[in-house]
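Here is the structure we will look at, set down as C-alpha cells.
The values are calculated or read from the model by the stated rules, or taken from the named source; none is laboratory data. Please read all numbers here as calculations on a predicted model, not as lab measurements. Methodologically, a virtual Cβ is constructed for each residue, glycine included, from the backbone with ideal geometry; neighbour enumeration extends over all protein chains shown. Please note that ligands, DNA and RNA were not included when accessible areas were found on the heavy atoms of the full protein model with its side chains. Shrake-Rupley method; radii C 1.70, N 1.55, O 1.52, S 1.80 Å.
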Amino acid sequence: MDLLWHTIVIIGVWLPMVLLHSCIFGRAKIFFFGPIAVWLLTAYATFLVLRMTGVYSLAILSGLIMASIASAFLAWTSLRLESDSFGIISLAFHLTALSIVLTWTSLTRGSLGIPQIPVAPFPSSTFGMAISTMSISVLWLGGMVSLMRSKFGRRLTALGEHPAAAAALGVRRSHAFFFIFFLFGLAALTSVVPFIQYLGILHPNEFSYEALVFLIMMVVAGRPGSIAGATASTVFVVVLREAIRLLPLTPSFVGPVRLLCFGVLLFAAVCWRRESLFPPTRSF
Amino acid sequence: MQLVLNALVAGSLAALVAGGLGLMYGVLGAFNMALGQIVLLTGLVTWWLVASISAPLWIAVPCGLMAAAALSLLTFEVFVDPFVRRHRFLPLVTTIAWSMMLDAAVLLLFGERPKSIPSGDKVLFSFGDGVINLQQCVLVLMTVMVLIATAWILHRTALGRKFRAVTQHEGAARSLGINATLLSRILFVVSGTLAGAGGIFIGIDMSLSPTLAFPFTIKAYAAVIAGGRGSLWGAVIAAYAIALAEQLLVGIRWFGVITVPAGYQQAVALAVIVGFLLWRPQGLFASRSRSV
C-alpha cells in the first residue's frame, strides 16, 4: 500500500511541471530544455533559506523570487535566440546551475546534499503527502485546462504555429513568453517544495540530466501541448519507473536498466509522434 | 606560459570536435546530442583493447576510430536521417534518447569508475616555464593538420564546393544534382570520428568517466552556436576562446586576492557563452543562406 501512495506522491510532484512544459514545448513551440535548472534553483533557494531562518513563509518567498528570476531569464533568452540555439543554451543553463551547486560546497554541501530538511506544515505521512500533492496537481490541471481554452491559450498556440501572423494580429510574443515561463516557475515551486519535504534531503542527484530526460519523455509521450496526454503519460511513466524498482536486479543494474528503458521509450514516443511533434507551419 | 599551453591543448581538443560539428550543422541543420557518448565509447573501446586484450596502441587507436565511425553511421541512419526530413528539430530529441541508451551501455559494459588508456611513460617538452607532453603535442599538430586539410577541401576542391553549395541553399544544390544526403552522411561520420579521436586523447591524457559525456556535448555545441551556426572557423575560434577563458579564469589570482575554484571553470565558461549570445544572438560569424 505504501508503494501505491508513494507512486501517487511522485505523480503529484511531476504533473504540474509536465503540464507547463508540455504547453511551452507543444503550444508555444519553444525548445525549452532547462526546466530542471529552474527546479534546482528554486529548491535550493527555498530550502537554504528555510535552514537558515526556520521561517517557512520567508523560504517560500525566496523560492518564488528565484523561480521568477530564472524563468524571466529563460523567457528573455528564448526571445533573443533561434529555437534550437535556445534548446542548447537552456541545457547549458542547466549544466551551469548544477556545476555551481556541486562546487559551492560551503553553502550547498555539494554532492553530499543537505539532509534533515526542517519539517514544514505538510502532512508527514506518505498518505497525507499523496493527498497534498494530488490536490496541488488537480488545481494545476484545472487551471491549465481553463488557461489553454482562454484567449491566452489561443494566443500561445497562434504564436507557436505562425509567429509572424500572430504578431500581425496584435499578439505580443514577449508578454506571452514571460507569462508562460513565470507560470512554469510557479509550477516548479509548487512541485519541488512538497517533493523535497517528502524526501527529507535536498540532493543534486534529483536534478540531473536523467531527470530532464524523464520530464521530456513524459511530455513527448503525451503529445506536446495536450493536457490529457501529459496527464496520462505522467501516470504511465511514473508507474513504469517505480515498477522497475520491483525487478529482481542488483542496485548497480537498476540505474542502467532504467536509463535503457527510458531511452527506448523516448525514441518510441518520438517515432510514434513524429507527424505531430513538429507539425508544418500553416500556409495561407 | 603554462596557462597558454593548457589553453592550446584544451582548445585544440575542443576545436577538433567543434569544427566538424560546425560544418555538419551547416549542412544538416541538426544537432547530435549523443556526441559526448560517442566520444566516451570511442575512448573506452580503445581502453578495453589496450588494457584488457593488451593490443598495442597503434592497433587500438585505429580500431577505436573505426568504432567511432560505425557508431556515428548508426546514429545518422537510425536516429537522424529518418527524422531530419520530417523536421530538423526532431533529431535533437531522438539523439537525446540515443544518448540515454549509450549511457546505459557504458555503465553496463564498463562500470562507473574512470578509465585511463595506458600509453607508457610521458615524454615532456619545456617551453619557457611551461611543460607539454608528447600526446598533447600530437593533438595540437593533428588539429592544425585537420584544419588545414578541411580548409583545402572546402576551398580548393569540387567536393568542398558541393559542401558549400548545400550549406548555402540545399534546395538549389539538390536541383543541380548534388546528393545532399550522401554529403550529410559523410560529414556526420567524419565529424563523429574526429570527436572520437578527441575521446581517445582524453583517455590517454586524462581519464574517461561516464559523467564526461553530457558536459562535453553541451560545450561543443555552445562553441558551434557562439561561433555562428554553420561556420567552421567561427566554431574553431570560439572553441579556442572558451578554452583560454577557462584556463585564465582558474589560473589567475584576480585583483591579487580572488582565486576561482576549478569547479567553476565550466560554469563560468558556459555563463560567458550565454551572456555573449544574449548580446550577439547570431554568434561570431553567422553564415547567411542564399536566396534564389
Open item on the list: As I understand it, the value is the acute angle between the Cα axis of helix A:2-22 and the longest principal axis of the Cα atoms of chain A; what does it come to in degrees, rounded to 10?
Closed with: 30
- [ ] Take the alpha carbon atoms of the stretch A:158-189, find their center, do the same for the stretch B:12-88, and report the distance between the two centers in whole angstrom.
- [x] 38
Open item on the list: I need the Debye-formula profile for the stretch B:118-243: one equal scatterer per C-alpha, no solvent, reported as log10 I(q)/I(0) at q = 0.11, 0.14, 0.21 1/Å, two decimals.
Closed with: -0.51, -0.78, -1.39
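Pop out the Kirkwood hydrodynamic radius of chain A from its pairwise C-alpha distances, inverse of mean 1/r, in Å to one decimal. Show your work: numbers first, answer last.
Numbers: mean 1/r = 0.0515 Å⁻¹.
Over chain A, the inverse of the mean reciprocal pair distance is 19.4 Å.
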Open item on the list: Ignoring everything except DSSP H segments at least 4 long, calculate the 222 nm mean residue ellipticity for chain B; use -39,500 (n - 2.57) per segment, divide by total residues, nearest 500.
Closed with: -23500 deg cm²/dmol
TODO: Consider just the alpha-carbon atoms of the stretch B:38-103 and return their Rg together with their Dmax, both in angstrom.
DONE: 14.5, 46
Task: Pairwise label distance in nanometres, residue B:58 with residue A:55, each label 7 Å out on the Cα-Cβ vector - done: 7.3
TODO: Compare the peptides B:32-40, B:68-76, A:132-140 by average per-residue count of other Cβ atoms within 10 angstrom and give them in order, highest first.
DONE: B:32-40, B:68-76, A:132-140
TODO: Using R₀ = 30 Å, calculate the FRET efficiency as 1/(1 + (r/R₀)^6) where r is the Cβ-Cβ separation of residue B:209 and residue A:65; round to 0.05.
DONE: 0.25
Open item on the list: With the alpha-carbon atoms as the only input, what is the per residue convex hull volume for the stretch B:1-128 in Å³?
Closed with: 135
Open item on the list: Quick check: convex hull over the Cα atoms of the stretch B:144-189, volume per residue in Å³, rounded to an integer?
Closed with: 68
TODO: Based on a Kirkwood Rh over C-alpha pairs, give the Stokes-Einstein translational diffusion coefficient of the protein assembly as shown at 10 °C and viscosity 1.306 mPa s in µm²/s.
DONE: 64
Task: Extension gain (nm, one decimal) between residue A:257 and residue A:275, 0.36 nm per residue minus Cα-Cα - done: 3.6 nm
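For the stretch A:131-276, state the average projected area of the convex hull of the C-alpha atoms over all orientations, rounded to one decimal in nm².
The directionally averaged projection comes out at 10.5 nm².
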TODO: Could you tell me the accessible area of residue A:219 in Å² (1.4 Å probe, neighbours in place), rounded to the nearest ten?
DONE: 0
- [ ] Only Cα pairs under 8 Å and at least 6 apart count here; give the relative contact order of chain A as a rounded whole percent.
- [x] 33
Task: When the convex hull of its Cα atoms is projected in every direction, mean area for the stretch B:183-272 (nm²) - done: 6.9
Task: Over the stretch A:57-172, volume per residue of the alpha carbon convex hull, in Å³ - done: 165
TODO: Excluding residues fewer than 8 places away in the same chain, name every one of the aspartates and glutamates whose C-alpha is closer than 16 Å to that of residue A:151.
DONE: A:161
Task: D_trans [Stokes-Einstein, Kirkwood Rh over alpha-carbon pairs] for the stretch B:74-191, 10 °C, 1.306 mPa s, µm² s⁻¹ - done: 87
Task: Relative contact order of the stretch B:1-130, pairs being alpha-carbon contacts under 8 Å that are 6 or more residues apart, as % - done: 38
Task: the stretch A:91-154 - Kirkwood radius from inverse mean 1/r over Cα pairs (Å) - done: 15.5
Task: Translational diffusion coefficient (Stokes-Einstein; Kirkwood radius from C-alpha pairs) of the stretch A:106-191 at 25 °C, 0.890 mPa s, in µm²/s - done: 152
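What Kirkwood hydrodynamic radius do you get for chain B when you take the inverse of the mean 1/r over all pairs of distinct Cα atoms, in Å? Write out the running numbers ahead of the final one.
On the way: mean 1/r = 0.0508 Å⁻¹.
Roughly 19.7 Å, rounded to one decimal.
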TODO: Evaluate the distance, in nm, between pseudo-label points positioned 7 Å from the Cα of residue B:245 and of residue A:83 along their respective Cα→Cβ axes.
DONE: 2.7
- [ ] May I ask for the longest run of chain B untouched by trypsin sites (Lys or Arg not before Pro) that are loop-located per DSSP and have at most 13 neighbouring C-beta atoms (other than their own) within 10 Å?
- [x] B:123-287
Task: residue B:148/residue A:175 FRET efficiency (R0 45 Å; Cβ-Cβ; nearest 0.05) - done: 0.35
